[in-house]
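As structure tokens, the structure follows; a few thoughts come after it.
The values are calculated or read from the model by the stated rules, or taken from the named source; none is laboratory data. Keep in mind it's a predicted model, so treat the numbers as computed, not measured. Reconstructed Cβ throughout: ideal geometry from the backbone, glycine too, with neighbour counts over all protein chains shown. Remember, those area values only see protein heavy atoms, side chains included, never the ligands or the DNA or RNA. Shrake-Rupley method; radii C 1.70, N 1.55, O 1.52, S 1.80 Å.
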Amino acid sequence: MTAKQTFLTSFSLLLITALFFISCERKSATRFPEGKDIFGLASLIELQGDETTVVLNDYFHSASLANIDSVITHSSLRGRLSSDRELLYLSARNLNVPQLTEVVVWIQGTPYSLITRKSVREDITFRFEPGERKYRSVGIRGEMSDWNPVPMTLVDGVWQVTLKLNPGRYQYLLVADGNDMLDPDNPLQISNNAGGFNSLVEIGNNDRSKAPRMYATRHYRNTIDIQLVNDPDNIIVLWQNFRLPPENLNVEGSTLQVKIPGDAHHKERSFLRVMASAGNSLANDLLIPLENREPVTNPDWLTREDREATIMYFLMVDRFYNGNTDRDDPVEDPEVAPRANFHGGDLDGVLEKIEEGYFTDLGVNAVWFSPITQNPLEAYVEFPEPKRKYTGYHGYWPITLTTIDHRFGDDQVMDQLVNSAHERDISVLMDFVSNHVHENNPLIIENPHWATELELPDGRQNIRLWDEHRLTTWFDDFLPSLDFSQPEVVQTMVDSAFYWIDRFGLDGFRHDATKHVPLEFWRALTQKLKEEKMFPEDFRLFQIGETFGSHDLISSYVGSGMLDGKFDFNLYWDARAVFAIDEEPFERLDYSLHQSFSYYGFQNLMGNITGNHDMPRFISLAGGGLGFDEDDTEPGWDREIGVGDPVGYKKLSSLTAFIMTIPGIPVVYYGDEIGLPGASDPDSRRPMVFENLSTQQLQVRETFKKLTHLRSSNLAFVYGDFNTLEASDEIYAYTRNYFENRAIVVFNKSNESRTVSLDLPTWFRGVDYQVHFGAATNMEASRLEVSLPPNSFEVLTY
């Protein structure tokens, strides 16, 4: 059945009524009396197992919960409210639950729509036949288990375990008698980016050629046309958090016509969301911002609150720029190497660069800086070998929660910094540490019982057991982790975080070590920010967090009531491998990108990074100054890590072009705009360089600035769909489209020139594209030819 037939069958009577209504409508009508019940756009609810628990406070203001009249679900679901109306329990009545369904929550006569997504997890059994070899224990660990071992059971001479997994690719290893090993029965292997290999399993049918797809083509007279590909038969369109009725939708052939509701006329910024499915396959989701009742098609209409348009710059305060030498106060300790001590960077220096126009010239519109709370005055020996001594120059060892480290600045310069940034439409985000404090923090001195246990029952110390004891492990023996099972701890840390937003007018947070803090804290913090800041001031804050782990773990921290996004490290590992290593194919990167889409949506606020302060600089890996098979830290102490082969500069620019042209939030680590080299921490935290740049560094920076300008001036890169044209060993090409704004991005990672011939989709034919990086192009009928030099890319826009 086609999408048109489905609509006519399901809504014929309503459409007849709607025709009369539309004929009588003379001016904008108010149908959705949105009150103060909900802030922002409600995220999808993923149905899990036999029963899914929905925390309604994640979506609605706590004061509104008592006013819930009723909840109506799709006929295939059963919904049950808890007596206090804080929880909604959803369970399947039968096996015919659609991929997308609507749950309507009625609050004092207003129907809010929450959308559910059916789980596509399936039971996958892993087997290992040891033959004549005898093992006492066998397990499996990998991306599906956050690399924690899962025991296997010996059945009739075969070790086996069944896991419930989403479609996708998973790296894994077997663990036999405590030793990691490749799966001998699986020939599929993949580089682990550390000189070794992991076994690889692919689950499900991942042929995207037949998946439903949508893209916006034009708008006219309060109507938007959306092209439908591969016949989606279940279409849901939301304005804000209200499902549009049938009279606002019409399907003609393969075009969905959406009539923008009159309510949008009364809001300076609102959103249309479009979701669809065909059978068990989901289409890409669309997000269309509206200015009153007009789709936003002019980038000049965007504001700081349009977080989808963020281009973020991450800097370490101590290593960025020294703007006030009177604040310099390094730790006097001969056992501390200079690279592990304070260098003099401060908030004055950040302010100076804001007012100089450095960030504006770069084209970034958000600055995230490392923690600035007071850190200890002494140095400490870190737990891991070789037991080096460090200071808290990085800011991650807080001995206070609400005062600025005297080496970084004071309240006055912080006020100036935020005000100066806002005058230039630059958002300011602060790195907040909630997981732990330093042992000299009065909080833990006065409340020692607020710390998690350091000594484990098996005699080990609970230090850096990142996955085994994820929610209790300490980062070091002088950094007690906080026990968030105690309500007093949650409230104290929530209040501390809120202080910074409330006192200085910050635009949000980057949250440190997110996965080591229970969900209850993030829920409490986000609730306070919504109800005491975002609701009253009608201002959209932005929270992004750090989590190394599986897609499942990362996604559990993202959504309504949680954080807006996380850094997509899984995508970064694949991007780093593909752009840096000649033999790694683009198919790996394209698959990884679509796997992220399947978890976070095509329209997401995930952070796509060039690197960060905890890992080696990409350019040194790409140029060979540091080997993938080397320890990533010790070489930085033993020798001067450089770029290596100058091709590293080109590869860095290609990585930057990738993160600037895909969905999500591009995040550049300071120094990557010029190709600063280095091994891992602390070598990746060298002082920023502003003067006497080499020709190659200047070229990298100019390319960076051109890419940020392209992203900022083409809404296709912010709100557009994504469609892969080619993903082969050495060529990667994709399109982005947002109404008339179309873009084509092509990469060549070969060490030789390549002419790429692309078969363009219909909507991309017959227009004159602008070429931005000098490649020769030729358009004939439906085919576009692009001639690319070695290790290069091209961006074409219309």
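General observations
- Remark on residue 342: its backbone amide H falls under 5 Å from those of 331, a criterion applied only to residues 5 or more positions apart or on other chains, H modelled at 1.01 Å from N.
- Dimensionless Rg over Rh [the stretch 412-481; C-alpha; Kirkwood]: 1.22
- Shown in residue order for the stretch 667-680 are the 3J(HN,Hα) couplings computed by the Karplus curve 6.51 cos²θ - 1.76 cosθ + 1.60 at θ = phi - 60°: 10, 9, 7, 3, x, 6, 6, 10, x, 5, x, x, 7, 6 Hz (x for Gly and Pro).
- Its Cα centre serving as origin, the stretch 209-280 has a Cβ charge dipole (Lys and Arg +1, Asp and Glu -1) of approximately 220 debye.
- Unit charges on C-beta of K, R, D, E only; dipole of the stretch 286-383, Debye: 440
- The angle between the Cα long axis of helix 695-713 and the main principal axis of the chain comes to about 30°, on a 0 to 90 degree scale.
- With R₀ set to 25 Å, the beta-carbon distance separating residue 532 from residue 267 gives a calculated FRET efficiency near 0.65.
- For the chain, the longest principal axis of the alpha carbon atoms and the long axis of helix 411-423 meet at an angle near 40°.
- Nearest 10 degrees, 0 to 90: helix 3-24 Cα axis against the chain principal axis: 70
- The phi torsions of the stretch 170-178, fed into the Karplus equation with coefficients 6.51, -1.76 and 1.60 and a -60° offset, translate into couplings of 9, 7, 7, 9, 8, 10, 10, 6, x Hz, rounded to whole numbers, with Gly and Pro shown as x.
- Helix-only arithmetic for the chain: the sum of -39500 (n - 2.57) across DSSP H runs with n ≥ 4, divided by the residue total, places the mean residue ellipticity at 222 nm at -6500 deg cm²/dmol.
- Cα shape, the stretch 642-681, gyration tensor, a/c 1.5 rule: oblate
- For the stretch 598-736, average projected area of the Cα convex hull in nm²: 9.4
- P(r) histogram, all alpha-carbon pairs of the stretch 192-267 included - 10 Å bins from 0, percent: 14, 36, 20, 12, 12, 6
- Charge dipole (the chain, unit charges on Cβ, about Cα centre) - positive-most of 454, 756, 494: 756
- For the residue pairs 267/706; 267/528; 267/533, the C-alpha atoms sit more than 22 angstrom apart in 267/706; 267/528.
- Descending Cα extents along the principal axes, the stretch 82-139, whole Å: 70, 27, 17
- Isotropically averaged projected area of the stretch 708-790, using the convex hull of Cα atoms (one quarter of hull area), nm²: 5.4
- With R₀ set to 22 Å, the beta-carbon distance separating residue 454 from residue 378 gives a calculated FRET efficiency near 0.60.
- Model label zone, residue 753; criterion: amide N under 16 Å from point 7 Å along Cα-to-beta-carbon; scope the stretch 781-796: 785-794
- Placing unit charges on the Cβ atoms of the charged side chains and taking the dipole of the stretch 152-288 about its Cα centre, the candidate lying farthest along the positive direction among 166, 281, 234 is 234.
- Chain lengthening between residue 292 and residue 498 when straightened (0.36 nm per residue, less Cα-Cα): 71.0 nm
- Using the 1.4 Å probe convention, the accessible area of the chain works out to 40 Å² per residue with neighbouring protein chains retained.
- Residue 94 versus residue 132: modelled label distance in nm, points set 7 Å from Cα along the beta carbon direction: 5.7
- As a ratio to 2.2 N^0.38 Å, the alpha-carbon radius of gyration computed for the stretch 306-364 takes the value 1.42.
- Full-stretch length increase - residue 160, residue 328 - with 0.36 nm per residue and alpha-carbon distance subtracted: 54.5 nm
- Projected area averaged over orientations for the stretch 101-193, convex hull of C-alpha atoms, nm²: 9.4
- Label point 7 Å beyond Cα of residue 539 along Cβ direction - residues of the stretch 484-508 with amide nitrogen under 11 Å: 501-508
- Å³ per residue enclosed by the Cα convex hull of the stretch 391-441: 87
- Per-residue extension of 0.36 nm, minus the Cα-Cα distance of residue 388 and residue 690, leaves a gain of 105.7 nm for this segment.
- The stretch 460-618, accessible surface, carbon-and-sulfur percent (1.4 angstrom probe): 50
- Here the accessible area is traced with a 1.4 Å probe on the protein chains. For the stretch 646-707, carbon and sulfur cover 50 percent of it.
- Carbon plus sulfur fraction of accessible area for the stretch 727-798, probe 1.4 Å, in percent: 44
- Lys, Arg +1 and Asp, Glu -1 on Cβ, resulting dipole of the stretch 493-536 about Cα centre, debye, nearest 20: 120
- DSSP-defined beta bridges in the stretch 540-677 - what % are antiparallel, rounded to 5: 10
- Entry for semi-axes √(5λ) of the Cα gyration tensor in Å (calculated from the structure that is shown) out of [x] 40, 32, 31; [y] 75, 32, 29; [z] 50, 42, 21: [x]
- Distance between modelled label sites at residue 637 and residue 776, nm, 7 Å Cα→Cβ extension: 5.3
- Lys/Arg +1, Asp/Glu -1 at C-beta; the chain dipole; positive extreme among 321, 220, 466: 220
- Cα Rg, Dmax (largest Cα-Cα span) when computed across the stretch 217-352, Å: 25.1, 76
- Solvent-accessible area of residue 74, all protein chains in place: 70 Å² (probe radius 1.4 Å, heavy atoms, ligands and nucleic acids excluded).
- Spacing of the two label points (7 Å from each Cα toward its C-beta) at residue 104 and residue 335, in nm: 6.9
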